[in-house]
Amino acid sequence: MDSHPLKVAYESTNFWVYESAANHFCIWCGEVSASLEELLKHMGTHHWAYVTACNPQSTQLSDLENRQRMESLEAVLQSRGLPAFRGEGIGTACDWQPEPSFLILGLTESEALLLGRELEQTAVVVGSQGAVARLLWM
């Protein structure tokens, strides 16, 4: 999807993870996050995905609609027993509002693809231990 019109915007987004009140870190496409590597090691998992339920198909919804979608996603993650940390994607290439998101541990690329499609997303960010973060287009 090298020619996707949102490619530059998505790839230049700061994908923040709020592991705890005292510890937060950022994931960038094309890079390995040392903090994420430590978290994966600590949690004993190798795969991860960074996913939002907000703004399906990159279409801006109201704050209320996005909040409801994120609450539904959180319930799904809890029911599946997947460790997840809150975060937000903050774009640097455009003036979009920060987008609430989850870093989900233990989610394989194929599972992230399915979840992203269920949530009607354009893309999700995926990775595994030792590998760079990358966009996975739906």
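For first residues located in region 125-138 and in contact (Cβ under 8 Å) with a residue 24 or more places away in the chain and more than 7 Å from C29 (Cα to Cα), partners that are part of a strand (DSSP E or B) and among the basic types (K, R) and lie 6+ apart or on another chain with Cβ distances below 8 Å form the pairs V125/R134; V126/R134; G127/R134.
Across region 12-28, the qualifying residues are those that are surrounded by 18 or more Cβ atoms within 10 Å (Cβ to Cβ) and in contact (Cβ under 8 Å) with a residue 40 or more places away in the chain, and the one among them that is nearest to G91 (Cα to Cα) is T13. Check region 58-80 and report whether any residue there is touching a residue at least 40 places away in the same chain (Cβ under 8 Å), under 19 Å from G130 (Cβ atoms) and within 17 Å of the chain's Cα centre (by Cα). No, that holds for no residue. Checking T45, T52, T108 one by one, the residue that is buried (at least 16 other Cβ atoms within 10 Å of the Cβ), of a type in the set (S, T, Y) and over 20 Å from T13 (Cβ atoms) is T45 and no other.
Would you call L36 of a type outside the set (F, W, Y), touching a Gly at 6+ places or on another chain (Cβ under 8 Å) and either surrounded by 13 or more Cβ atoms within 10 Å (Cβ to Cβ) or assigned to a helix (DSSP H, G or I) (or both)?
Answer is yes for this residue.
Please verify whether region 87-98 includes one or more residues that are modelled with pLDDT of 95 or more, surrounded by 15 or more Cβ atoms within 10 Å (Cβ to Cβ), of a type outside the set (S, T, Y) and in contact with a Gly (Cβ under 9 Å, 6 or more places away or on another chain). No; the residues of region 87-98 include none that is modelled with pLDDT of 95 or more, surrounded by 15 or more Cβ atoms within 10 Å (Cβ to Cβ), of a type outside the set (S, T, Y) and in contact with a Gly (Cβ under 9 Å, 6 or more places away or on another chain).
Scanning region 111-138 for residues that are of a type in the set (D, E) and out of contact with any strand residue (DSSP E or B) (no Cβ under 8 Å at 6 or more places or on another chain), we see that the one that is surrounded by the most Cβ atoms within 10 Å (Cβ to Cβ) is E120.
Taken together, the residues in region 81-102 that are free of Cβ contacts under 8 Å to residues at least 24 places away in the same chain and aliphatic (A, V, I, L, M) amount to 1.
The values are calculated or read from the model by the stated rules, or taken from the named source; none is laboratory data. Everything numeric here is computed off the predicted structure, so don't read it as measured data. Every residue, glycine as well, gets a Cβ built from its backbone with ideal geometry; the counts of neighbours run over all protein chains shown.
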